[in-house]
Amino acid sequence: TNDNFILAIESSCDETSASIIVDGKVLNNIVATQSVHEKYGGVVPELASRAHQENLIPVVQEAVLSAGITLDQLSAVAFTRGPGLMGSLLVGVSFAKALAFGRNIPLIEVNHMQAHILAHFIDDPKPNFPFICLTVSGGHTQLVLVKDYLDMEVIGETKDDAVGEAFDKTAKLLGLPYPGGPLIDKYAKEGNPKAFKFPVTRMPSLNYSFSGIKTAVLYFLREQLQENPKFIEENLPDLCASIQWTLIEMLQIKLKEAVKQYGVSEIAIAGGVSANSGLRKSLQELADKRGWNLYIPKFEYCTDNAGMIAMAAHYKYLAGEFSSYDVTPLAKMKI
Ligand code: KG4
Ligand code: ZN
């Protein structure tokens, strides 16, 4: 057949993933999550690289098998070039290069942050250009003006921690295992978001800062625990709800400003933190109130996955944007 099957690999952090896309349709999205990091309270880079080495071929085999194809039917191999952990990226890049070289097919590099945004084109409804995307993950927090599939401009971003980091680090202070974001989300559902007040940091222009809340929560807990050693266990839902409320408030303030500044009412969210149910709910309420069209990806396409890499690869394939075989990964990579 003449179908253009592309294999996409994602290995930028602690998720090993493979996906097959054919003519713009994502056929599957196989993800191996690394649980080895839980007991360390964060991703340990060297352990992540080793786990990628272990998981990559099985994940690719599963993707190829479930697509009902063989490796000789591939038209191209795509991979995450960056941003991410160098050791993790190297595993995916080396594999993709070897496969593309061996089969003599093109290699497609993908920017992980662009891919998070292009995850919106996997399923309907799809946003219309131009749209503003709030990309919120464990490593990044960005407001992006998306003019076309491969034409994006960062209009605001965090100057220190990412919002996912703020979730994970405050969760750690509460004694929750890594990654704490989903657990804060879970406990927040039964808590009062106004129970405790943490500072809402306001940065100039459309930028963010999330490092302050970690310190604020640390000092607050230290003080409370001196009087009541059971303070955390007795107030866990209220603490989670209050922390989550503060983070969502900060995200929304700048999003509202960006919408005003750019006069765009097509709004999307992307990245791991867009799985947060409190964020999804309050953004939907805000969108309804202000007449925005809000686009929220399916859960499986919020956190790191190769489906989004495949979607980005599809547009690059159409544009004829291929990489040379001596390409190397980039820990830092601009959109
Ligand atoms: O995009 P992602 O999977 O990986 C990066 O590229 O960083 O994002 C991971 C981040 C972690 O900080 C994790 O705690 C956070 O997304 N996260 C959540 C939720 N699900 C994942 N944070 C808050 N609520 C959630 N439900
Ligand atoms: Zn990500």
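Just so it is clear, none of the values below were taken in a lab; they were calculated from the coordinates. Keep in mind the model is a prediction, meaning the values are calculated, not measured. Cβ placement follows ideal geometry from the backbone for every residue including glycine, while neighbour counts extend to all protein chains displayed.
The table below lists the values:
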read-out	value
Value of [θ]222 nm, deg cm²/dmol, for the chain, DSSP H segments ≥ 4, -39500 (n - 2.57) each, nearest 500	-14000 deg cm²/dmol
Unit charges on C-beta of K, R, D, E only; dipole of segment 128-297, Debye	280
Ratio of the Cα radius of gyration of the chain to 2.2 N^0.38 Å, where N counts its residues	1.01
Cut-off of 10 Å, at most 16 other beta carbons, DSSP loop: longest stretch of the chain lacking such GluC sites (Glu not before Pro)	1-189
Most fluctuating residue given options L176, L90, L247, as computed from a GNM of the chain linking Cα atoms under 10 Å	L176
Between helix 86-103 and the chain: long-axis angle, C-alpha atoms, 0 to 90°, nearest 10	20
Cα gyration tensor category, rounded, prolate or oblate, for segment 74-183 with a/c compared to 1.5	oblate
GNM flexibility winner over the chain from L65, L255, L74 (Cα, springs under 10 Å)	L65
Segment 181-335: relative contact order as a whole-number percent, Cα under 8 Å and 6+ apart	24
Rounded to whole Hz, the Karplus (6.51, -1.76, 1.60) HN-Hα couplings of segment 218-227, x for glycine and proline	4, 5, 4, 5, 4, 5, 5, 5, 5, 7
Neighbour-count order for I105, I184, I213, fewest beta carbons within 10 angstrom listed first	I105, I213, I184
Cα-based shape type of segment 71-133, given that a ≥ b ≥ c are square roots of the gyration tensor eigenvalues and the cut on a/c is 1.5	oblate
Charge dipole (segment 128-297, unit charges on Cβ, about Cα centre) - positive-most of L251, F129, I296	L251
Under-5 Å amide H pairs with A76, H placed in peptide plane, nonlocal only	L7
Gyration tensor verdict on segment 142-182 (Cα atoms; rounded if a/c is under 1.5, prolate if a/b is larger than b/c, oblate otherwise)	prolate
Tally of Lys pairs whose C-alpha atoms are under 18 Å apart, taken over segment 164-210, 8 or more apart or cross-chain	5
Least to most buried among D161, D168, D326 (fewest other Cβ within 10 Å first)	D326, D161, D168
Derived scalar couplings ³J(HN,Hα) [segment 330-335; Karplus, 6.51 cos²θ - 1.76 cosθ + 1.60; whole Hz; x for Gly, Pro]	10, 4, 10, 8, 7, 5
Neighbour-count ranking [beta-carbon atoms within 10 angstrom, fewest first] of R50, R222	R222, R50
Net charge, I232 excluded, C-beta distance under 13 Å - Lys, Arg +1, Asp, Glu -1	-2
Hz values of 3J(HN,Hα) by residue in segment 125-135 - Karplus curve (6.51, -1.76, 1.60), Gly and Pro given as x	x, 9, x, 9, 7, x, 10, 9, 10, 8, 9
Cα-based helix-to-principal-axis angle, 163-173 vs the chain, degrees rounded to 10	50
Selected from T70, T158, T135 as most flexible by GNM, with the chain as the system and alpha-carbon contacts under 10 Å	T70
Fraction of beta bridges assigned by DSSP in the chain that are antiparallel (%, nearest 5)	60
